[in-house]
Amino acid sequence: MTVIVILALVALFIGLRLYAVLGERTGHEQPILKPADPEARLDQPVHAAPREAAKASDASDLAYLPMAGPGVRALLAADPTFDVARFLEGASAAYRLILESFWKGDLDAIKPHVASHVFETFAGAVEQRTKDGHTLDNRLVAIEPPVIAEAAVDNGVAIVTVRFEADIAAITRNAEGEVVAGSMSDAVQTRDRWTFRRDIGARDPNWLLIETDEEE
């Protein structure tokens with residue numbers, strides 16, 4: 001009887017070890033393409049550290065909001081090469097590049113990635129900032145995994161709106177280098193919706209930013 005009990009305990013231990021190993025995520029899994037909770041992480045605090053904790057647990061589960069589902073499926077039907085994960089990765093890179101270039105006043109870096117009317121808006125803001133003798137000393141502290149908020153296909157043109165949530169440390173300095181607004185000690189939580197477009201039939205695989213809005 002004692003031998004049977006010992007063997008049973010050994011089997012249970014091995015079973016638990018196998019469950020522990022097989023249940024671990026390696027970090028190389030493909031992201032799960034399913035709708036995101038529309039209320040997901042909207043109540044996160046401003047500071048970056050708690051937001052990073054949330055990202056680790058659910059980043060792979062976020063791709064698009066439920067309301068964007070029909071548009072995403074229509075886009076996939078119109079363009080089978082469209083990859084949601086790759087698109088969101090590129091959108092996040094564009095978000096960072098455009099913001100950081102705008103803060104530095106580097107309009108040449110922005111121009112290839114935005115529509116003409118969006119470029120004019122950026123250029124006007126940079127010009128006014130220069131006239132005021134102000135410079136921006138901003139820094140992206142953290143960016144949440146972006147999600148597709150809206151998607152549509154119109155006459156062969158794909159239009160996708162992406163929701164970005166980021167923590168930004170923002171400082172405005174005057175001509176003497178003195179801080180006139182903002183603080184590096186407290187990051188500001190921002191929620192933006194950027195809309196990108198691409199002609200599905202075009203050879204150019206790049207998307208163009210056509211609109212920027214703040215999410216209420």
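Computed from the coordinates by the stated procedures, all read-outs in this text should not be read as laboratory data. Please read these numbers as outputs of a predicted model, since none were measured by experiment. No Cβ is skipped: glycine too gets one built from the backbone with ideal geometry, and neighbour counts run over all protein chains shown.
Do any strands (runs of 3 or more DSSP E) entirely within the stretch 113-201 hold 1 or more residues that are among the basic types (Lys, Arg) and closer than 29 Å to residue 67 by Cα, and if so, which?
Values: elements: 139-143, 147-154, 157-173, 179-199.
Those strands (runs of 3 or more DSSP E) span 157-173, 179-199.
Please state which one of 124, 133, 69 is at positive phi and either surrounded by fewer than 17 Cβ atoms within 10 Å (Cβ to Cβ) or of a type in the set (Val, Ile, Thr) (or both).
Numbers: 124 fails: at positive phi; 69 fails: at positive phi.
133 is the lone residue from the list that is at positive phi and either surrounded by fewer than 17 Cβ atoms within 10 Å (Cβ to Cβ) or of a type in the set (Val, Ile, Thr) (or both).
Being farther than 19 Å from residue 215 by Cβ, of a type outside the set (A, V, I, L, M) and crowded, with 16+ Cβ neighbours inside 10 Å: is that true of residue 119 here?
Numbers: farther than 19 Å from residue 215 by Cβ: yes; of a type outside the set (A, V, I, L, M): yes; crowded, with 16+ Cβ neighbours inside 10 Å: yes.
When the stated conditions are applied, residue 119 passes them.
Give the residues of the stretch 183-216 that are under 22 Å from residue 98 (Cα atoms) and without any contact (Cβ under 8 Å) to a residue 24 or more places away in the chain, sorted by residue number.
Within the stretch 183-216, 183, 204, 205, 213, 216 qualify.
Report, by residue number, each residue of the stretch 122-159 that is in contact (Cβ under 8 Å) with a residue 60 or more places away in the chain and more than 30 Å from residue 77 (Cα to Cα).
The first filter runs over the stretch 122-159 and keeps only residues in contact (Cβ under 8 Å) with a residue 60 or more places away in the chain, leaving 141-142, 144-145, 147-153, 156, 158.
Listed by number, the residues that qualify are 141, 142.
If we scan the stretch 192-215, do we find a residue that is within 22 Å of the chain's Cα centre (by Cα), surrounded by fewer than 11 Cβ atoms within 10 Å (Cβ to Cβ) and more than 17 Å from residue 79 (Cα to Cα)?
yes
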